[in-house]
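The values are calculated or read from the model by the stated rules, or taken from the named source; none is laboratory data. Keep in mind the model is a prediction, meaning the values are calculated, not measured. Positions of Cβ are generated from backbone atoms using ideal geometry, with glycine treated the same way; all protein chains shown enter the neighbour counts.
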Amino acid sequence: MKELYYDFHIHSCLSPCGDNDMTPNNIVGMALLKELDVIALTDHNSCKNCPAILEAGKRQGLSVIPGMELCTEEEIHVVCLFPTLERAMAFDRYVEKHNPFFQNDVDAYGHQYQTDGEDNVILEYPQLLVTASSIGIYEVSGLMQKFGGVAIPAHIDKASYSMLAVLGEIPPDTGFFCYEIAKPQRIDPLCAEQPVLQTAQIITDSDAHYLWDISERYYKLTAASEKPEDILEALKSSVS
């Protein structure tokens, strides 16, 4: 088993709130400067920059997990991670069909740039990606079984777009194994308040929208290796 420093919640220039400098190669380069072992790309409701960042990660020698930050119909954000690019892109196609089509307003929301592995813009994605999908929070764990991924309710301690903000509690029957808490000092109080968290994996990520926001070498996970499938297995393991 290995202790791996990670950041599993990073947005690229495809997310309308992501800085235009958040290109795949820039993200990988910054993660390496910060001496991380593994990262995940989790754009809003899309995996379309995952092919590019996996290419960049392979070229620069960093393990990258393909992922997405899904917005459910309740407006709860959920980080979804996948063992392979193929499964991530299959989920991308599924989510795209369950997103309402609103044309992106660049002046209001920002650009949505899809790039190739060399950071060249190949498409400005037209459909606004920060809308709520028609996928309910109670559907997510079943979808992860279908697509082979792991779902992690995002920043549950935040006042918006979180499970606690929307539902007022962490229900015991949603099927999640892992939860993200944005502020480490909130982990113990929340675990005391929410019994389901006491046997779950808890992670802390940057939710980076700018290069400098990517995590330093702070947060670590024990897993068999840096491979995405081993990381996902570790995230699914309950804490005794």
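Odds and ends about this structure:
- Residue satisfying condition, being in contact with a helix residue (DSSP H, G or I) (Cβ under 8 Å, 6 or more places away or on another chain) and surrounded by fewer than 14 Cβ atoms within 10 Å (Cβ to Cβ), within set A159, A151: A159
- Residues of the stretch 127-159 classified as part of a loop (DSSP other than H, G, I, E, B) and either under 15 Å from the mean Cα position of the chain (by Cα) or closer than 22 Å to L221 by Cβ (or both), total: 9
- Among the residues of the stretch 50-84, the ones that are closer than 19 Å to S225 by Cβ and surrounded by fewer than 18 Cβ atoms within 10 Å (Cβ to Cβ) come to 4 in all.
- Between I27, I10, the distinction of being in contact (Cβ under 8 Å) with a residue 60 or more places away in the chain and under 22 Å from F177 (Cα atoms) belongs to I10 only.
- Pair list, Cβ < 6 Å and 6+ apart or interchain, from the stretch 77-102 residues that are in contact (Cβ under 8 Å) with a residue 12 or more places away in the chain to residues that are charged (D, E, K, R) and part of a strand (DSSP E or B): H77/E69; V79/E69
- Tabulated pairs, the stretch 105-122, first at positive phi, second part of a helix (DSSP H, G or I), C-beta under 9 angstrom, 6+ apart or interchain: D119/P24; D119/N25; D119/N26; D119/A52; D119/A56
- Per-region count, the stretch 90-107, residues of a type in the set (A, V, I, L, M) and either touching a strand residue (DSSP E or B) at 6+ places or on another chain (Cβ under 9 Å) or closer than 14 Å to S15 by Cβ (or both): 2
- Count of residues meeting criterion [in contact with a Phe, Trp or Tyr (Cβ under 7 Å, 6 or more places away or on another chain) and among the β-branched types (V, I, T)] in the stretch 98-149: 3
- Conditions (1) under 30 Å from G29 (Cβ atoms); (2) surrounded by 18 or more Cβ atoms within 10 Å (Cβ to Cβ): number failed by L164: (1)
- In the stretch 48-63 there is at least one residue matching the filter, namely being under 16 Å from H209 (Cα atoms) and polar (S, T, N, Q).
- Residues in the stretch 30-42 that are more than 17 Å from D207 (Cβ to Cβ) and either within 18 Å of the chain's Cα centre (by Cα) or in contact (Cβ under 8 Å) with a residue 60 or more places away in the chain (or both): E35, D37.
- For the stretch 172-190, a residue qualifies if it is surrounded by 14 or more Cβ atoms within 10 Å (Cβ to Cβ) and at pLDDT below 95, and the qualifying residues are T174, G175, F177.
- Restricting the stretch 221-230 to residues that are surrounded by 14 or more Cβ atoms within 10 Å (Cβ to Cβ) and not polar (S, T, N, Q) leaves a set whose member that is farthest from the chain's Cα centre (by Cα) is A223.
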